[in-house]
Amino acid sequence: MGEDEVLSVTRRTTRSSSATAISTKNDVVERIKSTHICSPSLNDLLYGGEPIDLDVLLSNFPGRHPQIRELLQILGPSNTPMLPIFVYGGPSTGKTSIILQLFRYLNRPFVYSSCRTCYSPRILFESVLNQLSHHRKNATNGYSSVKRCEKPSDFVNFLREALVSMVNRLKENVGKSKSSKKRERSIDGHMVYLIFDKLELVRDWDKSSSILPLLFNLDSILNIPEVGLIFISSTPPDTFYSSMGYIEPVPIYFPNYSEDDLRQILVRNQAYPKLYSSFLDAVLRPFCRITRRLDELSAVFSSLFLEYCKPLNDLAVVPNEDLKRRLFSNLQPHISLFLNETFRVLSQSSSGAERTKGRELRGSKRKIGTHDESDELDFHMSTSAKYLLISAFLASRNPATLDASLFDSRGGSDSRKRRRKPSETAKGQKEAEEEELLTKGPGSFPLERLLAIFQCITSVAEDYLGEEVQVEDSLEVEGQDGPLMSDVLLQLSSLCNANFIVKGGTCPLEGSTRYRSVVTEDLALKVAKSVKFPLAKYVYRR
């Protein structure tokens, strides 16, 4: 409530209500004054609440002990310079919660900014600067930031100035805390950590091509040893990296929770753990086949548990086998209903997220058969491996005689105009040969053809996405060898070990090893959709 609203008293106001309004106004003024009297403190950059020890931290996150210990090892002791960290994994896998609770345990200052709430470069820049300057938006300052910052160059200058000032204050605070006997809460060291959460959302921004390289280059641009960078994302790091030269962050992967981990997490903080454990015996496994997101399971199980407990008068009872069967028979009709509802909501949310991106590829032309847009890969694969798998599928599926026309930069149209029109006999013979190749199943191909198709489709994919998304201030370095061309042979070896590609015999005429793709068309479609590659335009069909 602002002061103008408090002072606006209508003529119909009685004395008592007028006195109430005046007292309310005085309370607001006193509250505003009290907030100004309290000077900003360095403890504002600490996690709220009392610090916790390592045992509590580990017990709060079952199934995440390896990730926590790896993070502690990278962060190191106090005042230890560190490389940037890239924490990634699926949604609701504990990434943000563990990072924040980790700083609560370490008792170190940090600045947290989520790219969901900071949905533009200016809001993100000003959020970081406001926290470092202990600036809070309120009515007295017109809800304005400490500094208006729109350009990345201004952000770097303001950020360096604010960080140097903050580090100096932390160093002075360390000396004061050692000399003083009374310490409410001591800050550990003089390091400052910048945490950027929901980093995958930056790719949907208008100037993502300049913002993402800026964030990944902050460590080398600032060159301040007392500053650490932590990035949190739901997508793997290879979806962000470009051909710019910078130190790659240390990746830490958070896999989906196992069924045992979900059981431990869901049973915690339950008023009746024995009863809830018997409830999970009935519902956890079928729901884990649909989703392993903790937030979705918690929402569904809260309603199902009420249905499970309806036949009971005393919830503190420990159910035996007969009682478990009776409770399950009462719950069974509701399980299928909630399973269908959960599956429907997941399908709608995934397809709705694709629609809201506003970057859907134009054409329904790329559809091969009837497939659902919500199909996702069940395993993690790097972007270069996905393009290599698509290249192998095309090399096995398409005749080699079509490569020039499919991947020619001019589409093969100009060259055909200069050639003599083929006769009907030659055309029919060519179609017969191509039809014979299709009936034989996936064909084999040499390594040279695979690499040629790989280089072509990576350039085609960049051009295709460039038509749909207008990227401003692009910082990519032009050249034939892009970031996807690195470690191709290593990726090929990994795909062969995973039986996506099999090695054939050595051709005596060519003297080189031949390969064959054994992936199905459905899997190739899923991989192509994950990188937004128009596979239908490059698959030969009669």
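The values are calculated or read from the model by the stated rules, or taken from the named source; none is laboratory data. As the structure is a prediction and not an experimental result, all values here were calculated from the model. Cβ: placed from backbone, ideal geometry, glycine included. Neighbour counts: every protein chain shown. Side chains included, ligands, DNA and RNA excluded: accessible areas come from the protein's heavy atoms. Shrake-Rupley method; radii C 1.70, N 1.55, O 1.52, S 1.80 Å.
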If we scan segment 136-151, do we find a residue that is assigned to a loop (DSSP other than H, G, I, E, B), farther than 21 Å from F103 by Cβ and touching a Pro at 6+ places or on another chain (Cβ under 8 Å)?
yes
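Quick one: would you say L215 is in a helix (DSSP H, G or I), open to solvent by less than 50 Å² (accessible area, probe 1.4 Å) and in contact with a strand residue (DSSP E or B) (Cβ under 8 Å, 6 or more places away or on another chain)? Outline the logic, then answer.
On the way: in a helix (DSSP H, G or I): yes; open to solvent by less than 50 Å² (accessible area, probe 1.4 Å): yes; in contact with a strand residue (DSSP E or B) (Cβ under 8 Å, 6 or more places away or on another chain): yes.
Considered against the rule, which asks whether it is in a helix (DSSP H, G or I), open to solvent by less than 50 Å² (accessible area, probe 1.4 Å) and in contact with a strand residue (DSSP E or B) (Cβ under 8 Å, 6 or more places away or on another chain), L215 comes out as yes.
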Test for P273: is it under 29 Å from L201 (Cβ atoms) and either in contact with a helix residue (DSSP H, G or I) (Cβ under 8 Å, 6 or more places away or on another chain) or outside the structural domain of R326 (by TED's automatic domain parsing) (or both)
no
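What's the total number of residues in segment 64-118 that are among the polar types (S, T, N, Q) and in contact with a strand residue (DSSP E or B) (Cβ under 7 Å, 6 or more places away or on another chain)? Even if it seems obvious, please write down each step before you answer.
Restricting attention to segment 64-118, the residues satisfying the condition of being among the polar types (S, T, N, Q) are 67, 73, 78-80, 92-93, 96-97, 101, 107, 113-114, 117.
Within this subset, residues satisfying the condition of being in contact with a strand residue (DSSP E or B) (Cβ under 7 Å, 6 or more places away or on another chain) are 67, 93, 96, 113-114.
Summing the residues that are among the polar types (S, T, N, Q) and in contact with a strand residue (DSSP E or B) (Cβ under 7 Å, 6 or more places away or on another chain) in segment 64-118 gives 5.
Which one is farthest from L215 (Cα to Cα) among residues in segment 107-132 that are hydroxyl-bearing (S, T, Y) and without any contact (Cβ under 8 Å) to a residue 60 or more places away in the chain? Let's see the steps before the verdict.
Restricting attention to segment 107-132, the residues satisfying the condition of being hydroxyl-bearing (S, T, Y) are 112-114, 117, 119-120, 127.
After this cut, where a residue has to be without any contact (Cβ under 8 Å) to a residue 60 or more places away in the chain as well, the list is 117, 127.
Working: T117: 17, S127: 14 Å.
Only one residue tops the list, namely T117.
Regarding N269, is this residue in a loop (DSSP other than H, G, I, E, B), modelled with pLDDT of 85 or more and not aliphatic (A, V, I, L, M)?
Details: in a loop (DSSP other than H, G, I, E, B): yes; modelled with pLDDT of 85 or more: no; not aliphatic (A, V, I, L, M): yes.
So N269 fails the test.
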Residues in segment 77-101 that are closer than 26 Å to V167 by Cα, modelled with pLDDT of 90 or more and open to solvent by less than 50 Å² (accessible area, probe 1.4 Å) total 10
If S278 meets every condition in (1) modelled with pLDDT under 85; (2) crowded, with 17+ Cβ neighbours inside 10 Å; (3) not assigned by TED's automatic domain parsing to the domain that holds Y193 apart from one, which number is that one?
(1)
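Just checking, which of R116, R104, R122, R69 is within 29 Å of R148 (Cβ to Cβ), basic (K, R), in a helix (DSSP H, G or I) and open to solvent by 10 Å² or more (accessible area, probe 1.4 Å)? First the steps, then the outcome.
On the way: R116 fails: in a helix (DSSP H, G or I); R104 fails: within 29 Å of R148 (Cβ to Cβ); R69 fails: within 29 Å of R148 (Cβ to Cβ).
Answer to the selection: R122.
Regarding segment 313-333, can at least one residue be identified that is closer than 30 Å to F254 by Cβ and either modelled with pLDDT of 85 or more or not assigned by TED's automatic domain parsing to the domain that holds S92 (or both)?
Residues of segment 313-333 that are closer than 30 Å to F254 by Cβ, as a first pass: none.
Scanning segment 313-333, I find no residue that is closer than 30 Å to F254 by Cβ and either modelled with pLDDT of 85 or more or not assigned by TED's automatic domain parsing to the domain that holds S92 (or both), so the answer is no.
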Output the qualifying pairs, or none if there are none: Cβ atoms under 7 angstrom, residues six or more apart or on different chains, first residue in segment 305-326 and more than 23 Å from F338 (Cα to Cα), second residue surrounded by fewer than 16 Cβ atoms within 10 Å (Cβ to Cβ) and modelled with pLDDT of 85 or more.
V318/K274
Could you figure out which of (1) in the same structural domain as L57 (by TED's automatic domain parsing); (2) open to solvent by 30 Å² or more (accessible area, probe 1.4 Å) isn't true of G228?
(2)
Please specify each residue of segment 191-208 satisfying the condition of being under 17 Å from the mean Cα position of the chain (by Cα) and open to solvent by 10 Å² or more (accessible area, probe 1.4 Å).
K198, E200, L201, R203, D204, W205, S208
Filter result (over 20 Å from D197 (Cα atoms) and among the basic types (K, R)) within segment 54-109:
R69
